[in-house]
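Remarks on the structure that follows.
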Amino acid sequence: MTQTLITAALPYVNSFLHLGHLAGAYLPADMYARFLRLSGRNVLFVCGSDEHGVAITISAEKEHTTPDKIIDKYHFANKLAFEKFGMSFDIFSRTSLPEHYDTAQEFFLDWLDKGLLVEKEENQFYDETAEMFLPDRYVEGTCPNCGNERARGDQCDNCSANYNQTDLINPKSVVSGKTPVVRSTKHWYFKMGDFQQRLEEYIESNASKWKDNVLQQSRSWLKQGLADRAATRDMTWGIPVPVEGAKGKVIYVWFEAVLGYISATKEWAKLRHTPDAWKSWWQNSDTEYIAFLGKDNIVFHTLIFPMLLMAKDKYILPTNVPANEFMNFEGKKFSKSMNWGIFLHDFQRDFPSPGQTDSLRYTIAMNLPETKDSDFTWQDFQARNNNELAAIFGNFVNRVVQFLQKNFDGKVPVLPERFAKVNDAWKLLLEDFSREETREQALEKYEDKHLRYFSPNDVALIAALHFGAKKVAEHYTRFRFRDAVTETMNIARAANKYFNDTAPWKSVKADPDECAKTLYLCSQTISALSLLFAPILPNTCATISGMIGAQSVTGEPNAPQIDRWSTVALPTLTEGTPIAAPEVLFTKIEDSTITEQVAKMGGTTAVAEVKTPAEPSDIIAIDDFKKIKLRTAIVISAERVPKSEKLLKLQVNLGTETRQILAGIAKFYTPEEMVGKTVVVVANLAPAKLMGMESQGMLLAANTPEGTLALVTPESVVGAGSEVR
RNA sequence: CGCGGGGUGGAGCAAUUGGUAGCUCGUCGGGCUCAUAACCCGAAGGUUCUAGGUUCAAGUCCUAGCCCCGCAACCA
């Protein structure tokens with residue numbers, strides 16, 4: 001029997017988790033893990049915090065604290081948020097543990113032994129104030145190629161030129177703002193090129209199974225060729241290079257963080273007092289390994305990590321890497337710095353109930369960015385909760401339970417004499433069904449045969465449960481989570497249809513026996529739904545289990561390995577089982593709640609943009625203002641500047657002359673609508689070069705609270721070249 | 001020519017190796033009254049971004065173009 005190892009990308013402990021993280025990796029991983037466990041499969045679900053890298057030392061400095069404090073803060077916050085969200089990790093570990101240091105160093109030494117690491121001496125910028133070598137990201141300067149003044153360490157964003165860090169003209173440290181000095185330093189480079197061919201074979205051998213985005217990204221890297229890459233860094237924060245004389249050098253996170261999956265598994269094994277148990281996962285060809293992550297992480301799991309595992313030998317490689325795209329928030333990317341989006345802990349503060357957590361899981365699941373970037377909106381959250389969870393699933397449970405309270409003493413009906421053999425008939429029906437591929441075939445072939453105890457409606461319901469569960473399982477197996485959820489909800493729809501079509505509120509008077517059987521089936525359906533929804537809505541399903549007095553089965557870790565999924569359509573509740581008083585599973589979300597949340601978003605951003613009142617020192621004399629020559633101008637022509645997202649190239653008539661002005665308004669104004677507009681320009685501004693073109697002045701625009709721009713234009717027609725005072 | 005993804009009814013998305021364009025929401029009409037003004041049934045609504053091409057057959061493959069988004073910069 002094969003087993004499944006599941007990992008979800010290690011969250012970087014430099015920020016709080018937001019909904020985008022959940023959509024990218026964690027929710028699908030959790031749904032998958034729970035589904036497999038409910039199918040009786042042996043599963044190990046592993047995750048943990050990624051706690052190294054320069055960003056953490058810099059954050060520590062900014063917050064005047066130590067890296068230890070930073071990582072603790074985020075690690076525990078994220079761990080707690082994950083728990084509340086219902087992540088069913090077997091272990092949530094962290095890469096700052098000794099276990100991980102040992103693992104990483106062991107791998108490093110092994111590569112060294114095998115000659116996979118080569119030492120290279122090179123010159124690098126060193127910030128004397130911050131006492132650190134500067135990674136490429138932390139140096140800015142003038143591009144040696146195009147003269148762009150804001151080029152990054154090794155690449156220019158403007159002309160895309162690649163060069164050596166030390167070729168930068170007028171370099172500045174991003175950390176201290178000072179000019180860094182050049183120092184020589186020694187590093188170990190991983191010979192990635194050695195694995196080019198094996199990785200190509202690995203990728204192509206999986207081509208038929210893997211998602212397209214994953215393949216394309218991986219192939220794109222391979223096509224460019226794998227170059228040697230530094231596997232070490234000059235830093236204090238990280239895992240020391242375990243070699244004599246390597247003081248002040250740590251293993252680069254690229255070559256260390258992903259090993260955290262293995263270390264986490266070791267920690268799990270240790271906690272269970274079976275320290276070698278991790279090997280039966282990582283060094284066992286019966287293990288199927290599925291790595292969940294977002295698109296930014298693809299090559300680390302399809303190329304780098306497999307390469308490290310190949311190098312070490314004996315380890316299994318990822319069987320599949322079902323990477324998602326990104327989930328945006330209300331149309332724009334989640335951003336910590338722009339305060340845009342919903343952070344998990346904020347959501348949990350505002351929507352603390354388990355049912356609301358499930359609503360969030362459901363909404364995200366229905367919007368998973370499986371094939372392209374998707375969007376989370378508050379409105380959608382409300383609609384999903386109210387129209388689907390509450391109206392369809394919640395309402396079905398509620399109407400059945402209420403009906404039982406009123407007519408059956410709050411118990412699963414006892415089957416009347418006439419239908420005493422329903423359970424046996426049910427079994428036979430499912431045996432017949434399981435021989436058929438599709439619901440349609442099954443109904444056509446077997447419906448008539450079972451009409452002695454069942455009505456056509458009954459048969460249709462059982463068929464919906466059986467074939468629905470089968471379909472959902474297929475979707476999970478193929479990593480089609482959105483489809484899985486949609487199909488699950490369709491089973492609840494079928495349940496509602498059954499209730500409607502059998503109309504027990506009529507049969508309760510006309511044919512009480514029939515009514516009892518109907519509600520017996522409905523009760524079993526609630527039990528079945530509580531299993532089918534468990535991967536998506538674990539909290540709610542646990543609640544239902546409580547209501548029907550059943551043991552909660554939601555695919556939690558360490559549960560007994562029983563395949564309940566394939567028998568979900570069979571009755572599980574015995575006659576006469578008491579059903580607890582109705583509990584509303586999903587409360588509706590009011591418009592006002594959503595309005596409130598919408599009002600909050602981007603709040604900090606808007607406030608930040610409001611101008612602070614002028615300080616006395618900011619006050620200028622009239623003469624100062626007179627230095628600025630403002631004139632009206634009419635836009636003659638406008639065009640986009642290629643490769644620039646903000647700039648429009650305008651030709652404006654200033655009355656006496658025509659000038660070219662590059663204006664950063666392309667995000668808010670099209671070239672077409674600019675032509676003919678009368679604008680206000682600063683006429684005596686020194687010309688500047690932008691994107692290699694000259695701009696002779698600037699035009700005035702006001703920042704709006706929404707973060708867009710509004711052009712300043714005269715209220716009435718004034719013509720070109722008028723003075724503005 | 002930096003890399004990657006994408007343009008499909010009003011909205012959001014699907015559509016295996018080319019083979020009847022589907023789903024959810026919304027809209028309109030009907031049914032029901034057990035239930036959270038919920039549920040169920042039915043209908044309308046598409047030149048699949050544009051222009052060519054390959055094919056018995058194209059949303060899907062090829063060529064050219066237009067337009068979005070992401071990455072490249074802490075962040076799935």
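Just so you know, all these numbers are worked out from the coordinates, no wet-lab data involved. Keep in mind that this is a model prediction, so the values were computed, not measured. Please note: Cβ atoms are built from the backbone with ideal geometry, for glycine as well, and neighbour counts cover all protein chains shown.
With K and R counted +1 and D and E -1, the other residues having a Cβ less than 12 Å from that of A:Phe393 yield a net charge of +1. For the stretch A:376-591, pairs of C-alpha atoms spaced more than 28 angstrom apart make up 27 percent of the total. Counting other Cβ atoms within 10 Å as a rough exposure proxy, the listed residues A:Tyr12, A:Tyr289 run A:Tyr12, A:Tyr289 from fewest neighbours to most.
Sorted on the mean count of surrounding Cβ atoms within 10 Å across their residues, most packed first, peptides A:467-477, A:557-567 read A:467-477, A:557-567. FRET efficiency for A:Arg272 and A:Ile562, Cβ-Cβ distance as r, R0 = 22 Å, nearest 0.05? The computed FRET efficiency comes out at 0.60. When each of the peptides A:373-385, A:89-101 is scored by the mean number of other C-beta atoms lying within 10 Å of its residues, the order from highest to lowest reads A:89-101, A:373-385. R0 = 45 Å: FRET efficiency of A:Glu204 with A:Glu657, Cβ-based, nearest 0.05? Working from the Cβ atoms, E equals 0.15.
For the cross-link pairs A:Lys191/A:Lys312; A:Lys421/A:Lys470; A:Lys62/A:Lys247; A:Lys114/A:Lys312, the ones whose C-alpha atoms lie over 20 Å apart are A:Lys421/A:Lys470; A:Lys62/A:Lys247.
Note that chain A shows a convex hull volume over its alpha carbon atoms of 209 Å³ per residue.
Summing Lys and Arg as +1 and Asp and Glu as -1 over all other residues whose Cβ lies under 12 Å from the Cβ of A:His18 gives a net charge of +1. For the stretch A:170-185, the Karplus equation 6.51 cos²θ - 1.76 cosθ + 1.60, evaluated at θ = phi - 60°, returns couplings of 6, x, 9, 6, 6, 6, 10, x, 7, 7, x, 9, 8, 10, 8, 8 Hz by residue, with Gly and Pro reported as x.
DSSP beta bridges confined to chain A are antiparallel in about 75 percent of cases. Taking the fewest neighbouring Cβ atoms within 10 Å as the starting point, the ordered list for A:Leu461, A:Leu700, A:Leu404 is A:Leu700, A:Leu404, A:Leu461. Along its principal axes, the stretch A:329-400 has C-alpha extents of 48, 30, 17 angstrom, given from the largest down.
Evaluated at 20 °C with a viscosity of 1.002 mPa s, what Stokes-Einstein diffusion coefficient in µm²/s does the stretch A:289-388 have when Rh comes from the Kirkwood expression over alpha-carbon pairs? Value of D from the Cα-based Kirkwood radius: 136 µm²/s.
Cβ crowding within 10 Å ranks A:Glu487, A:Glu51 as A:Glu487, A:Glu51, fewest other Cβ atoms first.
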